[in-house]
1. What number, rounded to the nearest 500 deg cm²/dmol, is the helix-based mean residue ellipticity at 222 nm of the chain, given -39500 (n - 2.57) per DSSP H run of at least four residues and division by all its residues?
2. Can you give the Rg and Dmax of the chain based on its C-alpha atoms, in angstrom?
3. Quick check: convex hull of the Cα atoms in the range 178-246, volume per residue, rounded to a whole Å³?
4. Using amide H atoms built 1.01 Å from N in the peptide plane, name the residues 5+ places from G60, or on other chains, whose amide H lies under 5 Å from its own.
5. Angle between the Cα long axis of helix 223-232 and the longest principal axis of the chain, 0 to 90 degrees, nearest 10?
6. With a 1.4 Å probe and every protein chain left in place, work out the accessible area per residue of the chain in Å², rounded to a whole number.
7. Hey, any idea what the orientation-averaged projected area of the convex hull of the range 30-156's Cα atoms comes to, in nm²?
8. Taking Rh as the Kirkwood radius, which is the inverse of the mean 1/r over Cα pairs, what is the Rg/Rh value for the range 1-102?
Amino acid sequence: MRFLVLSDIHANATALEASLAAAAGRYERIICLGDIVDYGPDPNEVTDRVRELAPVIIRGNHDKAVSGITGLESFNPVAQLAAQWTRAHLRPENLTYIAQLPAGPASVDGVTFVHGAYHDEDEYVFAPAQALGGLMDSPSTVTFFGHTHYQGGFSFRAGQIGVIQLRPEHGPNFAALRLEPGTRYMLNPGSVGQPRDGDPRAAFAIADLDHQVIEFWRAPYDIAAVQRRMRDASLPYPLVERIGAGR
Ligand code: ZN
């Protein structure tokens, strides 16, 4: 089974379509790690598309905030404005869909996935120490996580944590990670709609567990078109700038 792993789409329909086009024919099933909406200008288009794709899906912190499961007090002022805008623009049936998304961790066919940390869906995993709980306690050798919008991850073997950093070449391209026997992994596919790791291309992963290979992809998309829609929607300027910089 080959999985397309999507995370942090953040209401960016152009980045989602570019990712799906780049991945076409290379996977059988989709896993989605949450944060399908918020920040971007296309909450309904993205939610409609996700519902149609029917992935195995869990919720992210922005899905919770937009649908009112949590308050906005933990968000900075820019994120609060975006969440309010998103909540006001989502059609009722899309808001209902987002509100019913289950919490992680979830597992399918030997792969486990979470939005943030293994033990806390809202916690960030940036550093090796933060990945340790998932590396030790996940029921699967390979666990996918999102939330940080950084592509890469961590490995664990014989008591040692390793940091995995991949740099896919220019254009629509991937860097492949070959899974080593006896090693456990916490892997982040990166963010489709708002990358923060310095590469503005849409990020996702393809997991081929039969062949023990994970491909970390980047796909270019029309960022300027998304920025225009954000400006037209009067979404906060720092969010418009951010998708251009990939930070
Ligand atoms: Zn996110």
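1. Result for the chain: -9000 deg cm²/dmol, rounded to the nearest 500.
2. When restricted to Cα atoms, the chain yields Rg and Dmax of 16.7, 53 Å.
3. It is 94 Å³ per residue.
4. Here D35, I36 satisfy the definition.
5. 40 degrees
6. On the way: 10150 Å² over 247 residues.
Per residue, the chain has 41 Å² of solvent-accessible surface.
7. It is 7.8 nm².
8. 0.98
The values are calculated or read from the model by the stated rules, or taken from the named source; none is laboratory data. No experiment lies behind these values; they were computed from the predicted model shown. Please note: Cβ atoms are built from the backbone with ideal geometry, for glycine as well, and neighbour counts cover all protein chains shown. What goes into the accessible areas is simple: the full protein's heavy atoms, side chains included, and nothing from ligands, DNA or RNA. Shrake-Rupley method; radii C 1.70, N 1.55, O 1.52, S 1.80 Å.
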